[in-house]
Structure formats: C-alpha cells, structure tokens
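**Q** Structure incoming, see below.
The values are calculated or read from the model by the stated rules, or taken from the named source; none is laboratory data. Note that the structure is predicted; figures quoted are calculated from it, not measured. All Cβ positions, even for glycine, are placed from backbone atoms using ideal geometry, and neighbour counts span all protein chains on display. For the accessible areas, the whole protein counts, side chains as well, though only heavy atoms, and no ligand, DNA or RNA atoms are used. Shrake-Rupley method; radii C 1.70, N 1.55, O 1.52, S 1.80 Å.
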Amino acid sequence: MPDRQLLLLRHAKAVLGEGLEDFDRPLALRGEKAAQTMGRYMAENGLAPDLVLCSPARRTAQTWEIAAHELPQTELHLLEELYDFGSGEALLEAIRTRGKMVKRLLLVTHNPATQNLAVALAGSGDKALRREMIEKYPTAALAVLTFSGGSWADTAEGQGRLGAFIRPRELD
C-alpha cells in the first residue's frame, strides 16, 4: 500500500459551558471562522480526506460541518469513543479498527487526546514543528502525519512523519 496520511484536527474554539453540558457546547464565532479557515487550507493544499472520524460532541461536529463546506463530500462517522480527553489510545484504536483502506484519514477530536496521539505517533519529521505541537495544540490546529506502507490496522507509536502543524492564526 502507498503512503497514508493522518490528519488530526482539534475542534475549533467553543463557547464557555455556562448552563450547558460539555458535550453540547457549540462553537464560538471565533471558532466558526477558524473552522472555515482550516477547511479552506485543507482544500488549497490537497488535504481533502477520504474518510472522517469525528467525535459526536456538538463543537467537533460543527467544526467538521463548517470545514467540509470547503472540501469535496466525504464519508463521515460520528464515533462516541472519540469523545475522549485522555491519552489518545481510544483515538488510535479507532484509527486501527475503522480506518478502512483509505489513503487520507481525518480525525476531528478533543484535547488532550488529540495532542497526545499526535506527539506519540510523530516519530520523525520537522523537529521545530514537533516542539511547537508538544508545547501547545490550540483549538482548530491540524497535524499532518505520513505513514509508509502498511495499513491503518498496523499504526503504532513513532511510525509517523510530521509534515505539517498548522494553526488557524498563522493563516489569517
């Protein structure tokens, strides 16, 4: 199998939880703009996913819905197990079991799981970007990791090459 790309998109900025359950928090206006910016970036840089795995929380679903307006239509799976704020192990398991045979897989998820997974998988690539990703993985940030050969079922820590780490504020 040729190289595979994993895109890890943290949800955009949400409103504070005043009177809302965490799961139900919508995007803030700033988040809506960032989601659109990231969707446009993905479209302009040939990063349209073949499959999207997304947390069903309102803010993650909205992030993808807005970003998707800039991209070709793709298959979307809302997965309860991606509503995760831990080590990223649940995200890795979703990649392994649900990644199918697609070339480019996008996850839209939450921190710290998104950051933890990105750092764990990035065994090589741009060291400065990796340091920045370790320091802070802001809302609507996107990590692009490439894996050589194999299948998503074989994905393991340290196998990915970090090619890009994009934050929406860099694109404004």
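**Q** If the only charges are +1 at each Lys and Arg Cβ and -1 at each Asp and Glu Cβ, what is the size of the charge dipole of segment 58-102 around the Cα centre, to the nearest 20 debye?
**A** Dipole of segment 58-102, to the nearest 20 debye: 60 debye.
**Q** Could you tell me how far the Cα centroid of segment 113-142 sits from the Cα centroid of segment 35-96, in Å?
**A** A separation of 17 Å, based on Cα centres.
**Q** What order, most packed first, do the peptides 122-132, 78-88 have when packing is the mean number of other Cβ atoms within 10 Å of each residue?
**A** 78-88, 122-132
**Q** Still on this structure, please answer the following. Quick one: divide the alpha-carbon radius of gyration of segment 26-120 by 2.2 N^0.38 Å and tell me what you get.
**A** Expressed relative to 2.2 N^0.38 Å, the Cα Rg reads 1.03.
**Q** Follow-up. Using the basic label-point model (7 angstrom from Cα toward the beta carbon), what is the residue 172 to residue 126 distance in nanometres?
**A** For residue 172 paired with residue 126, the spin-label model returns 2.0 nm.
**Q** Counting only heavy atoms of protein chains, what accessible area per residue, in Å², does the chain have with a probe of 1.4 Å?
**A** Value returned for the chain: 47 Å² of accessible area per residue.
**Q** Counting Lys and Arg as +1 and Asp and Glu as -1, each charge on the Cβ, what is the dipole of the chain about the Cα centre in debye, to the nearest 20?
**A** Here the chain has a charge dipole of around 460 debye.
**Q** Which net charge results for the neighbourhood of residue 147, defined as the other residues with beta-carbon distances under 13 angstrom from its beta-carbon, given Lys and Arg at +1 and Asp and Glu at -1?
**A** For residues surrounding residue 147, the net value is +2.
**Q** Note down the magnitude of the dipole of segment 90-159 about its Cα centre, charges +1 on Lys and Arg C-beta and -1 on Asp and Glu C-beta and zero elsewhere, to the nearest 20 debye.
**A** The dipole magnitude comes to about 200 debye.
**Q** Can you check what the net charge comes to around residue 91, using other residues whose Cβ is under 11 Å from the Cβ of residue 91 (Lys, Arg +1; Asp, Glu -1)?
**A** -2
**Q** Oh, and also: So which lysines pass the test for residue 33, namely a Cα distance under 17 Å, with those fewer than 8 places away in the same chain ruled out?
**A** Qualifying lysines at Cα under 17 Å: 13.
**Q** Helix-derived [θ] at 222 nm for the chain: sum -39500 (n - 2.57) over DSSP H runs of at least 4, divide by residue count, nearest 500?
**A** -9500 deg cm²/dmol
**Q** How many percent of the alpha carbon pairs in segment 93-165 exceed a separation of 21 Å?
**A** When every Cα pair of segment 93-165 is considered, 20 percent fall beyond 21 Å.
**Q** How many nm is it between the label spots at residue 77 and residue 93, if each spot is 7 Å from the Cα in line with the beta carbon?
**A** Result: 1.4 nm between the two label points.
**Q** Hey, rough spin-label estimate for residue 153 and residue 69, points 7 angstrom out along Cα→Cβ, what's it come to in nanometres?
**A** My value for the distance between the label points is 4.0 nm.
**Q** Which one of 121, 166, 85 has its Cα pushed farthest toward the positive end of the charge dipole of the chain, where Lys and Arg give +1 and Asp and Glu give -1 at the Cβ?
**A** Of the candidates, 166 comes out farthest on the positive side.
**Q** Could you give the angle, 0 to 90 degrees to the nearest 10, between helix 89-98's Cα long axis and the longest principal axis of the Cα atoms of the chain?
**A** With both axes taken from Cα atoms, the answer is about 70 degrees.
**Q** Report in % the part of the accessible area of segment 118-172 that belongs to carbon and sulfur, leaving out ligands and nucleic acids; probe 1.4 Å.
**A** The nonpolar share, carbon plus sulfur, comes to 46 percent.
**Q** Does the chain come out rounded, prolate or oblate, given a ≥ b ≥ c as the square roots of the eigenvalues of its C-alpha gyration tensor, rounded meaning a/c under 1.5 and, failing that, prolate meaning a/b above b/c?
**A** rounded
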